[in-house]
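These notes are about the structure you will find just below.
None of the figures in this text is laboratory data; all of them are computed from the coordinates on show. Predicted model, so just to flag it, every value in this text is computed and none were measured. Here the Cβ positions follow ideal geometry from the backbone for every residue, glycine too, while neighbour counts run over all protein chains shown.
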Amino acid sequence: MSMFTSIPVETLIVWGAGLQAFFVVLFVWQALLVRDLKSKRLKSIQRQQQELQHQSLSASKHSLKRPQLMSVVNKVVAKLNVLRSREAEKVADDLARAGYRSKEALSIYFFFRFSLPFAFGGIAVVWLYVLGMGDMQPMGRMLVAVVAVLIGAYVPKLYITNQAQKRAEALQKALPDALDLMVVCAEAGLSLDMALKRVAKEMMGPNPQMAEELSLTAMELGFLPNRADALNNLNKRTDMPSLRAVVGTLQQTERYGTPLAQSLRVLSQEFRTERMLKAEEKAAKLPATLTVPMILFIMPALFIVLLGPAIIRAIAVFPDF
C-alpha cells in the first residue's frame, strides 16, 4: 500500500489514459480489419454438414453390433423375401416414426416378427407338455400355446407402436420451444436451413428427438435438389398434425415469400394454447378419476378411524354381544 500511495495522482491519471487509448486503438483496429469471412463460413458449413451426416449415420445404435448375428438375420430375412413387399415400405415408415432409421432396422424387425412366434410357442409347449406345468385340460393347453404364438407375433408391432407414440409425445412437447428458437433465428436473418441447424444444436440436450428431426431436415434441405421434398420427408417421418402445420407454413414461406417469423410465432402460440387446454382437461377429469381410488382405499381407512373407537367401546360395555 505504501508503494501505491507514494505514486503521484498525476502519474496514475497518465497511465489510465494511456491504457484507455491503447484499448480504443485495439478495438478500432479489430473493427476495421478485413477478414476472409466467406472461406471461414464455408468451412463452418462443411464442418456442420459432416457432423449432421455423422449424426444421421449414428442412428444405427439401435441395431445389432455383432456382424455374425447380423449376417444370420440378413440371411433369414433374404430367404423369406419380405423386404420387397408392399408391407416393407409401411414397416419402414413405422420404424422411422419410432426413431429406427438404419438399414438394419427393417431386417431386424422382420426377423423378430417371424422368430418370436416360434420362440413363444416352443416355450409354451415345453412348459405345458414336456415339464407338465399347470393342471389343465388338453384343450386348455392347446389354447395357451396358440395364445403364446399370437403374443409372439404381435410383440414387435406393439413395441414399435409404443416407441413411436413416446417419440411423438416428446416431439409435441418440444415443438413450441423449437418454434420460438426458429423465430429468433429468422428475425436474426438466418436462412431456413441454417435456422434449423442452429435450433437442432440448441435442442440436442433438452430434446434429442426434435434435434434429430431438425438436423435431418436441414441436411436434406442442403443436399436434395427440391427443397419441398425435404419438408415432405419430415412429414413422412413424424406423421403428426402439428408438424404438418409447421411444414405447410414453411412451404408457404418458401413458395410465396411470406414472413417466416410471424407465421412461426402464431403457430407457437397456438401449440402452447393447445397444450394448456390439454392440461386443463386432464385437471378437470382428475376428480372423476380419483373417485374409485378414494372409495377403495381412503373411505375404508376413514371408517376405521371414525367407527373403530366406538365399536371397541361398545364391545367393552356389552361383552355378551
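Shown in residue order for segment 249-256 are the 3J(HN,Hα) couplings computed by the Karplus curve 6.51 cos²θ - 1.76 cosθ + 1.60 at θ = phi - 60°: 5, 5, 5, 5, 5, 5, 7, 10 Hz (x for Gly and Pro). A crude spin-label estimate for the pair Asp239 and Val317, with each label 7 Å from Cα along the Cβ direction, gives 7.0 nm. Placing pseudo-labels 7 Å out from each Cα toward the beta carbon at Arg255 and Val184 gives an inter-label distance of 3.1 nm.
Mind giving me the FRET efficiency for Leu131 and Lys278? R0 is 56 Å, r the Cβ-Cβ distance, nearest 0.05 is fine. Taking R0 as 56 Å, the efficiency between Leu131 and Lys278 is 0.70. Ellipsoid semi-axes for segment 177-278, based on the Cα gyration tensor and the rule √(5λ), read 19, 16, 15 Å when sorted largest first. For Glu213, Glu187, the sequence from fewest to most other C-beta atoms within 10 Å is Glu187, Glu213. State log₁₀ I(q)/I(0) for segment 213-259 at q = 0.15, 0.34 Å⁻¹ as given by the Debye formula over alpha-carbon point scatterers of equal weight, solvent excluded. Scattering profile of segment 213-259, log10 relative to I(0): -0.34, -1.25. Peptides 98-107, 302-311 ordered by packing proxy, namely the average of other Cβ atoms within 10 Å per residue, highest first: 98-107, 302-311. Given their separation in residues at 0.36 nm each and the Cα-Cα distance between them, Val266 and Asp229 gain 10.9 nm when the chain is fully extended.
Its relative contact order, with pairs defined as Cα atoms under 8 Å and 6+ residues apart, puts segment 171-293 at 28 percent.
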